[in-house]
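Trainee: Have a look at the structure that comes next, please.
The values are calculated or read from the model by the stated rules, or taken from the named source; none is laboratory data. This structure is a prediction, so every number in the text was calculated from the model and none was measured. Counting neighbours? That spans all protein chains shown, and the Cβs are built from the backbone with ideal geometry, glycine included. Ligands, DNA and RNA are excluded from the accessible area calculation, which covers all protein heavy atoms including side chains. Shrake-Rupley method; radii C 1.70, N 1.55, O 1.52, S 1.80 Å.
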Amino acid sequence: MTFPTIDTPRGPVPAAAPAWNRQRASQMPHHRYRDVHARVEVPLTDRTWPSRRLTAAPLWVPVDLRDGNQALPEPMDPARKRRFFELMVAMGYKEIEVGYPSASQTDYDFVRLIAATEIAPEDVTVVVFTPARRDLIERTVESVRGIRNEVVIHMYTATAPTWRDVVLGRDRTELKELILTGGRDLLAAAGDLDGVRFEFSPEVFNLTEPDYVLEVCDAMTELWDATGERPVILNLPATVEVATPNVYADQIEYMHRNLARRDAVILSVHPHNDRGTGIACAELAVLAGAQRVEGCLFGNGERTGNVDLATLALNMFAQGIDPMVDFSDIDEVRRTVEACNGIGVHERHPYVGDLVHTAFSGTHQDAIRKGFDEHRSRAVAEGRPEREIEWRVPYLPVDPADIGRTYDAVIRVNSQSGKGGMAYLLERDLGLELPRRLQIEFARHVQEHADEHGTEMDTAALWEVFADAFGPRPGRFELTECVVEEIADGSRVTVGLRVDGAPFRTVIDGNGPVEALVLALAEHGAKVDVLSLHQTSLGRGEDAQALSLLEHRHDGEVRWTLGRHRSVLAATAAAVIGAAQTT
């Protein structure tokens, strides 16, 4: 197959490349781009964030109803906005950005709905968003009048050089004055309102000169007279990701260490995901001094998205840190978010995707099965419920049950799967415990079936393959009678057989039923060399059946045969007869 639109790299192998690396220079026009260090100074060199550890959740601020809503092909109507808001309240979020009231009547009306109803509990802070323009500031302030909750009015202006030059047409001095004018207008319109605080975002902070962004932020906290009782939020967005996460962490730590009125500032971050590292940027930013993180549930946002608050919270949870919000039914959260956004969550999305707790690989399945076995055994040994003891099952960073998932989809079988996964499904769904040697033999049959049909196999399909591979075959022998009696010297077994249609009856003293059957069959030329017998059950409760798994040797080849019946004796006899049919 050819790919006419693919321009296979054909440049030289770099002279410094080791012999094992044969990658060639490509024709991609990488010369058009500059790295972050050529675009903005990163002044911090004595960084301290790498030696810190995450120990507590920051203040989470979901911005789905504003930033996330702006990124939707079809913005949310009032009903969907309300449903989303009520979900976030139920989950425990205490500061929620609810809209951009100067941008649309829908957003304005939703803010007024909060003022007119009780949908916002009194301990939830409501955030609204505005540009630094007087008429839009005034409409924003008008939208929050009468809200009983605490309110944050969030004002933003882009500050990076390219935005100053290309978008706003202002130099550093002119832009600072524009921002301060907006700050004065906001102070004049809302400075006397009880319970109202201010937030400022120098948009594209991560591409703004550090000395300039520090100058502007300090001017805003001075203008708004930030105090410990009425702190100002300084939100520092990675509006467009342009560097590795450590660079953003350096930028945040620089601000954290150099801001004036630091004790009166809530240092906030708002990472985007253009490079796919929004999660890492947020986590390192918290290490660097950030106290507040803005983002969206499951990462919806312009272009490649805002930082994903669900993943961030559950990353902390998986490290033993209370996320301070509830994801105990993550599928309900996902269903609601999908219904409100109209955007599906990917199957491999961390924690919430349909396949993130699923293993198809045989080695993974075997480790998970053994992990579950160890977990159950440890719970019994400690005398504690399984849901209370430390979780350490391989390949599963959290217990799926802790976020509302069952174990039904943890192991699924296809042509990549191994014996552990197949055995796990049969045991979980049918109560069937297979000895290890039989697992190996069974895996070969499943592999052949999966390769032939190319489809995933559920428990019913696995049992069908199992029964076909090891179940009884028609042949010379039919068992008509097997009666065990206790006698003085042990036991007496009466075996009735139909051999090639003719009836025979044998009485054998001093042996168990397996040995007696083997001897009776030997009289008719069927030599069954029994190696082991494994008893298990098929199903659970009153409907369970006995299953006997017989390992035997025939012409130097080890084989397995199963017998199935309500009676253990009858199941065992059926397994022995099945083995005789192969001789």
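Trainee: Among rounded, prolate and oblate, which fits region 160-272 when a ≥ b ≥ c are the square roots of the eigenvalues of its C-alpha gyration tensor, a/c under 1.5 means rounded, and a/b larger than b/c means prolate? Write down the numbers at each step before the final one.
Mentor: Working: a/c = 2.00, a/b = 1.28, b/c = 1.56.
The shape class here is oblate.
Trainee: Counting other C-beta atoms within 10 Å, and keeping those with at most 16, which DSSP coil GluC sites (Glu not before Pro) do you find in region 486-583? Don't skip to the end; give the middle numbers.
Mentor: Values: sites: GLU486, GLU515, GLU523, GLU542, GLU551, GLU557; in loops: GLU523.
Loop-located and lightly packed - GLU523.
Trainee: A follow-up question, please. About its Cα centre, what dipole magnitude does region 362-470 give when the only charges are +1 on Lys and Arg Cβ and -1 on Asp and Glu Cβ, stated in debye to the nearest 20? Kindly include the intermediate steps, with their values, before the conclusion.
Mentor: Values: 14 positive and 21 negative charges, 81 e Å.
In debye, rounded to 20, region 362-470 gives about 400.
Trainee: When the helices in the chain are scored as -39500 (n - 2.57) per DSSP H run of 4 or longer and the sum is shared across all residues, what 222 nm value do you end up with, to the nearest 500 deg cm²/dmol? Mind showing how you got there, number by number?
Mentor: On the way: 15 runs with 202 residues, N = 583.
The per-residue figure over the chain is -11000 deg cm²/dmol.
Trainee: Now a separate question. Name the long-range amide H neighbours of GLY99: under 5 Å, sequence gap of 5 or more, or other chain; modelled H, no Pro or chain starts.
Mentor: Under 5 Å from the amide H of GLY99 lie the amide H atoms of PHE129, each far enough along the sequence or on another chain.
Trainee: OK, next. Between ALA19 and ILE321, what is the FRET efficiency for a Förster distance of 51 Å, r being their Cβ-Cβ separation, to the nearest 0.05? Each step should come with its number before you reach the end.
Mentor: Numbers: r = 45 Å, r/R0 = 0.89.
E(calc), rounded to 0.05, equals 0.65.
Trainee: Turning to a different aspect of this structure: With +1 on each Lys and Arg Cβ and -1 on each Asp and Glu Cβ, how big is the dipole of region 1-134 about its Cα centre, in debye rounded to the nearest 20? Intermediate values should be presented prior to the final figure.
Mentor: Numbers: 18 positive and 16 negative charges, 165 e Å.
Charge dipole of region 1-134: 800 debye, to the nearest 20.
Trainee: Name the residue farthest towards the positive end of the dipole of the chain from the options THR8, ASN69, LEU267, assuming +1 on Cβ of Lys and Arg, -1 on Cβ of Asp and Glu, about the Cα centre.
Mentor: THR8
Trainee: Tell me which trypsin sites (Lys or Arg not before Pro) from region 37-82 have a DSSP coil assignment and no more than 11 other beta carbons within 10 Å of their own. Working shown, then result.
Mentor: Values: sites: ARG39, ARG47, ARG52, ARG53, ARG66, ARG80, LYS81, ARG82; in loops: ARG39, ARG47, ARG52, ARG53.
Counting only loop positions with at most 11 other Cβ atoms within 10 Å, the trypsin sites (Lys or Arg not before Pro) in region 37-82 are ARG53.
Trainee: Run the dipole for the chain about the Cα centre, Lys and Arg Cβ at +1, Asp and Glu Cβ at -1, nothing else charged, and hand back the magnitude in debye, nearest 20.
Mentor: Numbers: 62 positive and 89 negative charges, 236 e Å.
Computed charge dipole of the chain: roughly 1140 debye.
Trainee: Output the relative contact order of the chain, whole-number percent, from Cα pairs under 8 angstrom with separation of 6+ residues. Could you put the intermediate results ahead of the total?
Mentor: Numbers: 1057 pairs, mean separation 52.8, N = 583.
This gives 9 percent for the chain.
Trainee: Can you compute the modelled spin-label distance between ALA467 and LEU180, with each label point 7 Å from Cα toward Cβ, in nm?
Mentor: Between ALA467 and LEU180, the label points sit 8.4 nm apart.
Trainee: So what J values fall out for region 92-101 if you push phi through Karplus, 6.51 cos²θ - 1.76 cosθ + 1.60 with θ = phi - 60°, rounded to Hz, Gly and Pro as x?
Mentor: Result, rounded to whole Hz: x, 5, 10, 9, 9, 7, 9, x, 10, x.
Trainee: Would you please give the FRET efficiency between ASP135 and ALA56, computed as 1/(1 + (r/R0)^6) with r the Cβ-Cβ distance and R0 = 45 Å, to the nearest 0.05? Provide the component values of the computation, followed by the final result.
Mentor: Details: r = 41 Å, r/R0 = 0.91.
Working from the Cβ atoms, E equals 0.65.
Trainee: Let me ask something else about it. Averaged per residue, what accessible area in Å² does the chain show with a 1.4 Å probe, protein chains only?
Mentor: On the way: 27820 Å² over 583 residues.
So the chain comes to 48 Å² accessible per residue, rounded to a whole number.
Trainee: I'd like the distance between the alpha-carbon centres of region 1-29 and region 54-80, rounded to an integer number of Å.
Mentor: 42
Trainee: For ARG540 and GLU222, calculate 0.36 nm times their separation in residues minus their Cα-Cα distance, and state this gained length in nm to one decimal.
Mentor: Numbers: separation 318, 0.36 × 318 = 114.48 nm, distance 7.18 nm.
Net length gain for the segment: 107.3 nm.
Trainee: Starting from the Cα-Cα distance between ALA90 and THR244, subtract it from 0.36 nm times their residue separation and give me the gain in nm to one decimal.
Mentor: 52.0 nm
Trainee: Shape call for region 425-518 from the C-alpha gyration tensor, a ≥ b ≥ c root eigenvalues: rounded (a/c under 1.5), prolate (a/b greater than b/c) or oblate? Walk me through the numbers on the way to the answer.
Mentor: On the way: a/c = 3.63, a/b = 2.12, b/c = 1.71.
It is prolate, given that a/c is not under 1.5 and a/b is the larger ratio.
Trainee: In terms of the ratio Rg/(2.2 N^0.38 Å) built on C-alpha atoms, what value belongs to region 102-162? Before the final figure, lay out the partial values.
Mentor: On the way: Rg = 12.8 Å, N = 61, 2.2 N^0.38 = 10.5 Å.
Here the answer is 1.22, to two decimals.
Trainee: In whole angstrom, how far apart do the alpha carbon centroids of region 309-325 and region 445-507 sit?
Mentor: If we compute the Cα centre of each part, the gap is 53 Å.
Trainee: Then there's this: Which option, (i) 52; (ii) 37; (iii) 24, is the value of percent of Cα pairs over 38 Å apart that was calculated from these coordinates?
Mentor: (i)
Trainee: How big is region 362-470 on each of its three principal axes, counting only the C-alpha atoms and giving the largest first in Å?
Mentor: Result, largest extent first: 43, 26, 21 Å.
Trainee: Let me ask something additional. In region 362-470, with Lys and Arg counted as +1 and Asp and Glu as -1 at Cβ, which of these residues, PRO435, GLN447, ALA460, has the Cα nearest the positive end of the dipole, that is, farthest along it?
Mentor: PRO435
Trainee: Let me know the shape class of region 1-64, please: from the alpha-carbon gyration tensor, a ≥ b ≥ c as square roots of the eigenvalues, rounded when a/c is under 1.5, otherwise prolate if a/b is greater than b/c, or oblate. Don't jump to the answer; show the numbers that get you there.
Mentor: On the way: a/c = 2.38, a/b = 1.89, b/c = 1.26.
The shape class here is prolate.
Trainee: Follow-up question, since we're still on this one. Counting other Cβ atoms within 10 Å, which GluC sites (Glu not before Pro) in region 165-249 have at most 13 and lie in a DSSP loop?
Mentor: Values: sites: GLU174, GLU177, GLU199, GLU203, GLU215, GLU222, GLU229, GLU241; in loops: GLU229, GLU241.
In loop regions of region 165-249 (DSSP not H, G, I, E or B), the sparsely surrounded GluC sites (Glu not before Pro) are GLU229.
Trainee: Can you tell me the length gained on complete extension of the stretch ASP7 to THR480, counting 0.36 nm per residue apart and subtracting the Cα distance? Please list the in-between numbers first.
Mentor: On the way: separation 473, 0.36 × 473 = 170.28 nm, distance 7.44 nm.
Stretched fully, the ASP7-THR480 segment lengthens by 162.8 nm.
Trainee: If you don't mind, another one. Report the one residue of ALA339, GLY320, ALA243 whose Cα lies farthest in the direction of the positive end of the charge dipole of the chain (charges on C-beta: Lys and Arg +1, Asp and Glu -1; origin at the Cα centre).
Mentor: ALA243
Trainee: Also, I was wondering about something else. Return the carbon/sulfur percentage of the accessible area of region 38-130, one whole number, probe 1.4 Å, all protein chains in place. Present the calculation step by step, with values, prior to reporting the outcome.
Mentor: On the way: 1980 of 4110 Å².
Carbon-and-sulfur percentage of accessible area, whole number: 48.
Trainee: Still on this structure, please answer the following. Please report the spacing between the Cα centers of region 511-583 and region 232-260 in Å, no decimals.
Mentor: Result: 71 Å between the Cα centres.
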